[in-house]
1. Answer yes or no as to whether Thr53 is of a type in the set (Val, Ile, Thr), within 20 Å of Ser77 (Cα to Cα) and modelled with pLDDT under 90.
2. Name every residue in region 27-77 that is touching a Leu at 6+ places or on another chain (Cβ under 6 Å) and within 26 Å of Pro8 (Cβ to Cβ), in order of residue number.
3. For region 34-54, how many residues are part of a loop (DSSP other than H, G, I, E, B) and surrounded by 13 or more Cβ atoms within 10 Å (Cβ to Cβ)?
4. Where residues in region 21-33 are of a type in the set (D, E, K, R) and touching a residue at least 12 places away in the same chain (Cβ under 8 Å), which of them is most open to solvent (accessible area, probe 1.4 Å)?
5. Can you name the number of the only condition in (1) among the aliphatic types (A, V, I, L, M); (2) at pLDDT below 80; (3) within 15 Å of the chain's Cα centre (by Cα) that Ala61 fails?
Amino acid sequence: MHLKRFSPLERWRGKLSCTVEFPLESLDLSKYASNSSSSPYYNLIGVANHSGTTYSGHYTAYCKHPYSCTWHEYNDS
């Protein structure tokens, strides 16, 4: 899932600074899903972060290891 983090109202599409809170496990998206046989519950396994402006910046990521369940930071700076 991708969360829109840029303002559609600002001329230069400025980054939004509001905090987004959600559970790390069992995020319930059933009210947004069609009636299907798949489960609408999701666990967070990775986050991509951007620092900077809409025209320049740096990305980092946090990913959860599938076996040890430990979180790892990825940063190329």
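1. Values: of a type in the set (Val, Ile, Thr): yes; within 20 Å of Ser77 (Cα to Cα): yes; modelled with pLDDT under 90: yes.
When the stated conditions are applied, Thr53 passes them.
2. Step one: of region 27-77, the residues touching a Leu at 6+ places or on another chain (Cβ under 6 Å) are 40, 42, 44.
Of everything in region 27-77, those that are touching a Leu at 6+ places or on another chain (Cβ under 6 Å) and within 26 Å of Pro8 (Cβ to Cβ) turn out to be Tyr42, Leu44.
3. First, the residues of region 34-54 that are part of a loop (DSSP other than H, G, I, E, B): 34-40, 43-45, 53-54.
Keeping just the survivors that are surrounded by 13 or more Cβ atoms within 10 Å (Cβ to Cβ) gives 40, 44-45, 54.
Count: 4.
4. So the first thing to find is which residues in region 21-33 are of a type in the set (D, E, K, R), and the list is 21, 25, 28, 31.
From what is left, the residues that are touching a residue at least 12 places away in the same chain (Cβ under 8 Å) are 25, 28.
On the way: Glu25: 113, Asp28: 72 Å².
Within region 21-33, the match that is most open to solvent (accessible area, probe 1.4 Å) is Glu25.
5. With respect to (1) among the aliphatic types (A, V, I, L, M); (2) at pLDDT below 80; (3) within 15 Å of the chain's Cα centre (by Cα), Ala61 is out only on (2).
The values are calculated or read from the model by the stated rules, or taken from the named source; none is laboratory data. Note that this is a predicted model, so its numbers are computed, not measured. No Cβ is skipped: glycine too gets one built from the backbone with ideal geometry, and neighbour counts run over all protein chains shown. Note: accessible area is taken over every heavy atom of the protein model, side chains too, but ligands, DNA and RNA are not part of it. Shrake-Rupley method; radii C 1.70, N 1.55, O 1.52, S 1.80 Å.
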